[in-house]
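Comments concern the structure below.
The values are calculated or read from the model by the stated rules, or taken from the named source; none is laboratory data. Here the structure is a predicted model, which means the values were calculated and not measured. Positions of Cβ are backbone-derived with ideal geometry, glycine not excepted, and every protein chain shown enters the neighbour counts.
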Amino acid sequence: MFRLMGIRFDVRGVEHLPATGAAVVASNHIGFLDFTFIGYAARERRRLIRFMAKRSVFEAPVAGRLMRAMGHIPVDRRSGSGAYRQGLRRLDAGQLVGVFPEATISRSWVLKAFRRGAAGLAVSRQVPVVPVVVWGGHRIFTVDGHRSLRRRMPVTIIVGEALVPGAGETVDELSARLHASMEGLLDEAIDTYPESPRDEQDRWWLPHDRGGAAPDPETAAVLDREAVARIGDVFE
């Protein structure tokens, strides 16, 4: 599919993904294909990433079959303890576990507040957490009907240096370090992205604070709540 679309990948820092052993891979979340892009980047290290994703995706007829076949982990948002235990077992088996700490797609395209799962897994098993950001993938397929079949779309993926839990470091402290690291990586990805909006209508994919038409984080939070009230979070 990626070859057919001619996606122009710019993958940086993949050497920070451990070639062997367990780690948590934490990514920003701006589109429906984020996990496929990160999995593509991990191929260079000959690693597979088992992503934690909401259970509703696994209940879809086609997508669910694919997600189960790829060994991803379903998360029940009403009670995530089962998925958390599965994540721990995957880490114990020396695998890479992928987590979106924001939990849902960010309509503002900037980082939302993090949930504690990614840092919690890393601290519990004393394994590194690897920050990753994706930029440009939301122009292909994301929320609110934004999708494009345009060929040769650029997608940037930056893998940051692994964060190792410090002696006595709490989950919240590691989560704060992770958020700060990913903010820096996201700034780098946006700053160095090779394309700009073509016209005013095309400014939707840029953040509000960079002159784009995306909602600011506060407005995006309101839109999130309205979307869940209207259709649930099946596609969020």
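Numerical summary
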quantity: Members of segment 187-206 that are closer than 19 Å to GLU102 by Cα and touching a Pro at 6+ places or on another chain (Cβ under 9 Å); calculated: ILE190, TRP205, LEU206
quantity: Breaking point among (1) part of a helix (DSSP H, G or I); (2) more than 18 Å from the chain's Cα centre (by Cα); (3) among the hydrophobic types (A, V, I, L, M, F, W, C); (4) farther than 29 Å from PHE58 by Cβ, for ALA167; calculated: (1)
quantity: Extreme residue, surrounded by the fewest Cβ atoms within 10 Å (Cβ to Cβ), among residues of segment 110-128 that are among the basic types (Lys, Arg) and within 19 Å of GLY82 (Cβ to Cβ); calculated: ARG116
quantity: Which listed residue is touching a strand residue (DSSP E or B) at 6+ places or on another chain (Cβ under 9 Å), exposed (fewer than 14 other Cβ atoms within 10 Å of the Cβ) and modelled with pLDDT of 95 or more, from PRO131, PRO165, PRO194; calculated: PRO194
quantity: Residue check, LEU88 modelled with pLDDT of 95 or more, in contact with a Lys or Arg (Cβ under 8 Å, 6 or more places away or on another chain), surrounded by fewer than 20 Cβ atoms within 10 Å (Cβ to Cβ) and within 22 Å of ALA162 (Cα to Cα); calculated: yes
quantity: Number of the exception - ASP34 against (1) closer than 28 Å to ARG210 by Cα; (2) of a type outside the set (Val, Ile, Thr); (3) surrounded by fewer than 24 Cβ atoms within 10 Å (Cβ to Cβ); calculated: (3)
quantity: Residues of segment 199-231 classified as surrounded by fewer than 13 Cβ atoms within 10 Å (Cβ to Cβ) and basic (Lys, Arg), total; calculated: 2
quantity: Among residues of segment 50-67, those that are outside any strand (DSSP E or B), closer than 25 Å to ALA93 by Cα and either among the aromatic types (Phe, Trp, Tyr) or out of contact with any strand residue (DSSP E or B) (no Cβ under 8 Å at 6 or more places or on another chain) (or both), counted; calculated: 4
quantity: Residue within segment 3-23 that is surrounded by 13 or more Cβ atoms within 10 Å (Cβ to Cβ), on the phi > 0 side of the Ramachandran plot and not in a strand (DSSP E or B) present; calculated: yes
quantity: Flag for GLY136 being surrounded by fewer than 22 Cβ atoms within 10 Å (Cβ to Cβ), at pLDDT 95 or above and not aliphatic (A, V, I, L, M); calculated: no
quantity: Criterion: surrounded by 22 or more Cβ atoms within 10 Å (Cβ to Cβ), more than 17 Å from VAL25 (Cα to Cα) and charged (D, E, K, R) - qualifying residue of ARG151, ARG65, ARG107, ARG147; calculated: ARG107
